[in-house]
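Structure first, then comments.
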Amino acid sequence: MRTKRTELADDIIRQARAFRDACDDGLGLAANTDAYLCWVELSKALDEYDGLEPGSIEVTSHTANAAGPDTQHAAAELIRPAQHSLRQRMLSNYRIRAGFNDGCTDSEMEYITKRAHTSVSSARNFLANTGWIADSGRRRLTPSGREAIVWVLTRAGMTAYDQGALT
């Protein structure tokens, strides 16, 4: 479950990326002004964040409570390979779409993977919490006509994919 702090941090990063991109390499800002210097530091911080090694971000997965019943432990073991496989397929799809400067909504990923919304959103949450994908700030309509987040691969996600983090 995502905490309010994580949601706020994700929102700050998303807004920071939007600001960085809107300033088009700082060309619209007067050199040596506070706004320009802020943009430079923000760009450096985002580049560093995006370049973090996948393993440097603590990730939680579906695991059994240590004090839980044996059936809970057995269920956690049974689901682990399926989660891993779907996450890998989704990461591969985000990687392919990165080449086209595009991303996927959950609805599109459900169609591509032929998996249920609950499975796709769970795997997407895992990938987002590791920092391998992020909200692009763009929205697309779902088949039901609602706006949906377009998720894109981050630099950390590209590194994770290239290093075979989920293989």
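The values are calculated or read from the model by the stated rules, or taken from the named source; none is laboratory data. Quick caveat, the model's predicted, so the values are computed rather than measured. Ideal geometry is used to build each Cβ from the backbone, glycine not excepted, and the neighbour counts take in all protein chains shown.
Structure notes:
- Members of region 105-116 that are more than 17 Å from residue 85 (Cβ to Cβ) and touching a helix residue (DSSP H, G or I) at 6+ places or on another chain (Cβ under 7 Å): 106
- Conditions (1) out of contact with any Cys (no Cβ under 8 Å at 6 or more places or on another chain); (2) in contact (Cβ under 8 Å) with a residue 24 or more places away in the chain: number failed by residue 151: (1)
This table checks each residue for (1) out of contact with any His (no Cβ under 9 Å at 6 or more places or on another chain); (2) surrounded by 17 or more Cβ atoms within 10 Å (Cβ to Cβ); (3) more than 18 Å from residue 156 (Cα to Cα); (4) not polar (S, T, N, Q).
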| site | (1), (2), (3), (4) |
| --- | --- |
| 92 | yes, no, no, no |
| 99 | yes, no, no, yes |
| 102 | yes, no, no, yes |
| 105 | yes, yes, yes, no |
| 109 | yes, yes, yes, yes |
| 113 | yes, yes, yes, no |
| 122 | no, yes, yes, no |
| 125 | yes, no, no, no |
| 130 | yes, yes, no, no |
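- Every pair of residues 6+ apart whose Cβ atoms lie under 8 Å, when the first sits in region 95-121 and is free of Cβ contacts under 8 Å to residues at least 24 places away in the same chain while the second is of a type in the set (Asp, Glu): 116/110; 117/106; 117/110; 121/106
- Within region 99-149, the set of residues being at pLDDT 90 or above, among the acidic types (Asp, Glu) and closer than 18 Å to residue 14 by Cβ comprises 106, 135, 147.
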